[in-house]
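Laboratory data are not the source of any read-out in this text; all were calculated from the coordinates shown. Bear in mind the structure is a predicted one, so any value in this text is a computation, not a measurement. All Cβ positions, glycine included, derive from the backbone under ideal geometry; neighbour counts span all protein chains shown.
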């Protein structure tokens, strides 16, 4: 590639304009990106689709030829009510809860940052940044320690406060409290991004508009509902769509907590389920098919967002 | 314009895919065998293999193969099957790997290990090698993974904690003693909920079974059989009424509660005695503190008592060892493999109370102490998990850990057992 560049040095700018040659240069500049994308995203994707139509187990990974099974993998998954559908439904419910809590809390923090003084705002920003910068693996491990059955600070505090014996109470064994903890960790990690983005949007609203509304006697909540919210609506949409995608893809937090002591079967989300089916149990064909179905679900969710972005570009 | 862009992108993606898959196929062909010095990576799991054995392996290998190096990389038992599945099929596979005896079948059946030919088998020990473990590493009449060591669980106790309480002689007495001894600060038996290995003897002693294969090849799981349920009831009694260990914890660092003096009986692999008997202030900065001067001083061992006295049927814990099919240097890997199964190396393992891979070396295990004697009694009566290549999936799905955590949390035994049986049958019969 570089040799082509050396052999034929780019002609001066004016010459290009005169000749109106097809634009090779943009393609050339794009090619590096496309090669990378092709290798890192395209190839695995094609492989995923291919594998989803094969019987692909541990032995095939070692070079045994894979047998084509048509839609068998898909049929097995789509009829697996206790497995796939339950996990998918669980992931969706969890996603809805996570998105709602994240956006609401993020909005509240953003509004808080609008109101507080400079020093406090700096403090809040630093706090948010720290939470955001924390890798989720490390964060989950620490949260796991907080709720540790034997030495956890939560059980210790509860014992001190209530006087009952909380030592040995397992928070992770019960799926409901497991997901409460997952929600805490995920929301804790996701609020900073939402808060910063919304804060940035909210500060762009012209001062006069708010002032005028205030003079007209609009209450704080009315100002929020009728002025601030409509102004940042497009930002909220983007945040909701992005959060939906991130929260559906949830893996690290659930996987780590399961390792610490959760019931895998009752707490798996779709990402973890794919990992368990594929990596842990060696059913790569079936796992790929779940992956493909999941990609389709994700595309359906992302579609409005992509369409919106494209439409805005056109304007 | 837009259309053009799409077509272009699609075209390059397809070209790339083809090019890459072509590469992939070419890479699959056997590379010409290298000779001369090289590197060998040995994966050992957990801390069971003592440092002396590791040093001996490295030193001997590098003496026998001048210029070559051997690296030992320690793996964790947690998630081992997942890890091996990817690591052993990749281009950067380790050369020699240790694998849990119950997990071996998942890999031997799928071609992950290099075959040990009949000649090699004879050289490495032949009929002297532990028969049950050789069987665990066989697939369709060929050898793939040979025994590494075996070590059944021993019940540890210290007279300082136990006091005048009589040492139980039957399984029922063991349960009763545990319940009697338990206070808020003392576990009669310290039993983290996820430790399913320790639960199996109760099932077996009460006449239950994990899973049995019928003549038509289907598996029938037996936790909800009459004997199985009786065993689970006893397990629940100990776990909930005789135990302070967390119901969702794993059996790691068991010496910690023992060294706090908060445990009367601790059923654990025999090498735990060295963790308990380690000095309070380890010389090695990474060392784990023990309690050599207190509860380690009068540490005693006992084979888990059976229903009618004697030693109970316990789980035959241990490891197999194999050469990876994708090892870049099978010649050097075999050299390391020979050392691992040599009398000298195996004697080091025997020295710390593990049962060596060769029956002729059993006498090297010190049986003058109560711990050594208990380990030998337990080993003589040890049993394995069902011999199915799919058993590893039961383990990697952590079905048993979850079930016993729930039992430890006090949930209904019958419901758990029926669910567990259904899940196990679904996997084994799939």
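Brief remarks on what is shown
- Under Stokes-Einstein, with the Kirkwood radius over Cα pairs as Rh, the value for segment B:181-311 at 25 °C and 0.890 mPa s is 150 µm²/s.
- Entry note, chain B: relative contact order of 24 percent, from Cα contacts under 8 Å with a spacing of 6+ residues.
- Remark on segment A:185-315: ratio of C-alpha radius of gyration to 2.2 N^0.38 Å is 1.47.
- Our analysis of chain B gives Rg over Rh at 1.03, with the two radii drawn from alpha carbon positions and Rh computed by the Kirkwood formula.
- Taking every C-alpha pair closer than 8 Å and separated by at least 6 residues, the mean separation divided by the residue count of chain A gives a relative contact order of 27 percent.
- Cα gyration tensor category, rounded, prolate or oblate, for segment A:15-87 with a/c compared to 1.5: prolate
- Protection proxy ranking for B:192-203, B:122-133, A:219-230, using the average of other Cβ atoms within 10 Å per residue and placing the highest first: B:192-203, B:122-133, A:219-230.
- Listed residues A:95, A:114, A:51, most fluctuating in chain A (Gaussian network, C-alpha, under 10 Å): A:114
- Estimated distance in nm for a label pair at residue A:226 and residue A:208, the labels positioned 7 Å out from Cα along Cα-to-Cβ: 1.9
- Between segment B:241-266 and segment A:44-121, the alpha-carbon centres lie 37 Å apart.
- Across B:380, B:105, B:324, mean-square fluctuation computed from a Gaussian network of chain B (C-alpha pairs under 10 Å connected) peaks at B:380.
- Partner chain coverage, peptide B:106-118 - average Cβ within 10 angstrom: 2
- Counting only alpha carbon atoms, the long axis of helix B:399-408 and the longest principal axis of chain B meet at about 20°.
- Segment A:155-230: translational diffusion in µm²/s, Stokes-Einstein, Kirkwood Rh over Cα pairs, 37 °C, 0.692 mPa s: 199
- Convex hull of the protein assembly as shown built on C-alpha atoms - directionally averaged projected area, nm²: 43.2
- Rounded tilt (10° steps) of B:2-28 against the dominant C-alpha axis of chain B: 70
- Overall, the ratio between the Cα radius of gyration of segment A:274-315 and 2.2 N^0.38 Å, rounded to two decimals, is 1.72.
- Gained length - residue A:235 relative to residue A:96, 0.36 nm times residue gap less alpha-carbon distance: 48.2 nm
- Counting Cβ atoms of other protein chains within 10 Å of each residue's Cβ and taking the mean over peptide B:408-416 gives 1.
- Whole-angstrom gap from segment A:193-225 to segment B:107-150, using each part's C-alpha centre: 74
- Here r is the Cβ-Cβ distance between residue A:307 and residue A:159 and R0 is 60 Å; the resulting FRET efficiency, rounded to 0.05, is 0.65.
- Build a GNM of chain A with springs between Cα atoms under 10 Å apart, and of A:291, A:144, A:261 the one that fluctuates most is A:261.
- Label sites at residue B:127 and residue B:170, each approximated as a point 7 angstrom past Cα along Cα to Cβ, lie 4.0 nm apart.
- Using a Förster distance of 25 Å, the FRET efficiency for residue B:425-residue B:142 (Cβ separation, nearest 0.05): 0.30
- Among the residues of A:30-38, the average count of other protein chain beta-carbon atoms within 10 Å of the residue beta-carbon is 3.
- Additional length obtainable on full extension of the chain from residue A:45 to residue A:298, 0.36 nm per residue less Cα span: 89.7 nm
- C-alpha long axis of helix B:370-380 to longest principal axis of chain B, angle in °: 60
- By the Cα gyration tensor, segment A:80-314 has an equivalent ellipsoid whose semi-axes, rounded to whole angstrom, run 36, 27, 14 from largest to smallest.
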